[in-house]
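Student: I'd like to ask you about the structure that follows.
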Amino acid sequence: MAELATEPIVYSFTDHRVYREESPLVIAEGEGIRIRDTAGKEYIDALSGLWHANLGFSDTELIEAATSAYRRLPAFPCALGRGSAEAEALAHELLAAAEGRFSSVYFAASGSEAVESVLKFLWLASNADGAPDRKLVVTRDSGFHGTTLGAASLAGIPNQHAGFDLPLPFTVRVPRAHYYRDHLDGESRAEYVDRIVRTTRSRIEEAGPENVAAMVAEPVMAAGGVLVPPEEYWPAMDRLLTDLGIPLVADEVVCGFGRLGPLFGHRRFGLRPAAVTVAKGITAGYAPLGAVLLGPDLTRSVAGAAESYGVLGHGSTFGGHPVAAAVARANLRALAERGIEARVAALEASLRACLEGLLELPVVGEVRCVGGLAAVELMADGASRRPFDPERRIGRRVARKARELGLIVRDLGDVLALCPPLITDAGDVAEIVSRLRAAITATLKEET
């Protein structure tokens, strides 16, 4: 039996084989967009921790909100008909920020909990509505929705299933929207979208639309490769789902709270979801919190079911924790007062301009950018879309070289993901891309 390479911590989303030869990176402190390890080395964190430190690592308003909340009420649940004043105020503020599209808020402690909760609410609603067979959920290849059993079953990433006896058999899997990698030779973006939407319709109709509770989808896939859909994709999908009578659940655990520009990521694409799951950016990562915003129809169904069964048999001890709620409220104020949507528009422009310069490297097949999310897709030959041999682990090696150069990015196979804090300015973007270029160039030089 092998010993754990990273003892004493079991690190998530980690290839533990790597740490037979090197030690995990242990961070001691952070300020702005920079972090320092226990040896004093400084890095630009261009991943915002794990897609979540939207305001960087030293925001005094959020720190003060947490400190003050700890002094007032350090712990209390949202359960048993009781909750904290901070959680109640946050719920009202979230619903107001959503401009009347949603009717209620369920608080969880993480994104996985939020997605797992909305799955249970969908099934509860199906039973309450007299449609007990309406339990299937449409989900896409390369999607990521969390790590609990239901949420991980929605995932379209193989390593989330391997060894866990997943996915559970309630999903209808449909194509992702990745034009660069998946389009046929000579196929336009519009033709590509038409083809994958027809495939989606076919798979749903084969399962029976009447058996489908919802489609769960990220507005932009993050952990699946930062897949920015063609502009024709979401309007076509919206028409399809409306035609088949299937509600959309927008998973905005990464895409929410300014990451794509608007406060809610679905607004970037004009979507009308029946529910939204959020986490990460809701507190800018300063405290654990997740939430589900439920639309009127789902709220009524859940309320009816709770009446029928006498109790809502679902909950979370730490969901809506008063300190986390206070931090989330401070975060909402900060995003509004600092004009974050305009700042993200400037961040997007800087990222796009700098990253497009990498296309002159023959191993860069595509760069993608939307809001404060970006990706660089590496290919053995970018023009012909010929990938590297996976055994060479080029993406991992570039990410490791970037770390040596004081830059944190995430390798998703041979895609390098960037998700810098939303406070990142144009000068910092230029430095990020300069270090990334150096890492790519050095890694490829080692190959020759």
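What follows draws every value from the coordinates through simple rules; no lab data is involved. Just so we're clear, the structure is a prediction, and the values are computed from it rather than from any experiment. Virtual Cβ from ideal backbone geometry, glycine too; neighbours counted across all protein chains shown.
Student: What is the gain in length, in nm to one decimal, between residue 15 and residue 352 on full extension, counting 0.36 nm per residue of separation less the C-alpha to C-alpha distance?
Tutor: 118.3 nm
Student: Suppose every K and R has +1 on its Cβ and every D and E has -1 on its Cβ; what is the size of the dipole of the chain about the Cα centre, in Debye to the nearest 20?
Tutor: 200 debye
Student: Relative contact order for the chain: what is it in percent, counting Cα pairs under 8 Å that are at least 6 residues apart?
Tutor: 20 percent
Student: Once R0 is set to 45 Å, what does the formula 1/(1 + (r/R0)^6) return for the Cβ-Cβ distance between residue 72 and residue 129, expressed as a FRET efficiency to the nearest 0.05?
Tutor: The value I calculate is 0.65.
Student: By a straight-distance test (C-alpha under 17 Å), which lysines pair with residue 120 as possible cross-link partners, with residues fewer than eight away in the same chain excluded?
Tutor: 135
Student: If you rank 145, 321, 178 by fewest surrounding Cβ atoms within 10 Å, what's the result?
Tutor: 178, 321, 145
Student: Still on this model: With Rg/Rh (Cα atoms, Kirkwood Rh) in mind, check (i) 0.96; (ii) 1.02; (iii) 1.07 and report the label derived from this structure.
Tutor: Given (i) 0.96; (ii) 1.02; (iii) 1.07, the calculated one carries the label (i).
Student: Follow-up question, since we're still on this one. Answer with one residue from 310, 224, 109: the one whose Cα lies farthest towards the positive end of the charge dipole of segment 63-337, charges on Cβ with Lys, Arg +1 and Asp, Glu -1.
Tutor: Going by the charge dipole, the pick is 109.
Student: Of 73, 422, 90, which has the largest mean-square fluctuation in a 10 Å C-alpha GNM of the chain?
Tutor: 73
Student: Going by how many other beta carbons lie within 10 Å of each one, how would you line up 67, 171, fewest first?
Tutor: 67, 171
Student: Let me ask something additional. Using the Cα centre of segment 339-447 as the reference point, and only Cβ charges (+1 on K/R, -1 on D/E), how large is the resulting charge dipole? Debye, rounded to the nearest 20.
Tutor: 280 debye
Student: Here's a follow-up. Take residue 22, project a point 7 Å from its Cα along the Cβ direction, then tell me which residues of segment 382-414 have their backbone nitrogen under 17 Å from it.
Tutor: 392-414
Student: To continue, here is another question. May I ask you to derive the FRET efficiency for residue 446 and residue 185 from their Cβ-Cβ distance with R0 = 45 Å, giving the value to the nearest 0.05?
Tutor: For residue 446 and residue 185, the calculated efficiency is 0.85.
Student: Residue 383 versus residue 164, label points 7 Å from Cα toward the beta carbon: distance in nm?
Tutor: Simple spin-label model gives 4.2 nm for this pair.
Student: Positive end of the dipole of the chain, charges at C-beta (+1 Lys, Arg; -1 Asp, Glu), about the Cα centre: which of 166, 273, 62 has its Cα farthest in that direction?
Tutor: 62
Student: Based on the Cβ-Cβ distance of residue 405 and residue 345, what FRET efficiency does E = 1/(1 + (r/R0)^6) give at R0 = 41 Å, to the nearest 0.05?
Tutor: Computed FRET efficiency for residue 405 and residue 345: 0.90.
Student: Let me ask something else about it. Pick from 22, 218, 231: which residue has the top mean-square fluctuation in a GNM of the chain where Cα pairs under 10 Å get a spring?
Tutor: For the chain, modelled as a Gaussian network with Cα springs under 10 Å, the answer is 22.
Student: Compute the length gained on full extension between residue 96 and residue 297: take 0.36 nm times their separation in residues and subtract their Cα-Cα distance, giving the result in nm to one decimal.
Tutor: Going from the current span to full extension adds 70.6 nm.
Student: Looking only at segment 63-337, where both bridge partners belong to it, what percent of the DSSP beta bridges are antiparallel (to the nearest 5)?
Tutor: 45 percent
Student: So, one more: If each DSSP helix of 4+ residues adds -39,500 (n - 2.57) and the sum is divided by the residues in the chain, what number results at 222 nm, nearest 500 deg cm²/dmol?
Tutor: So the helix-based figure for the chain works out to -12000 deg cm²/dmol.
Student: As a test of the definition: which semi-axes, in Å, follow for segment 339-447 when you take the square root of five times each eigenvalue of its alpha carbon gyration tensor? Largest first, please.
Tutor: Equivalent-ellipsoid dimensions as semi-axes: 24, 14, 11 Å.
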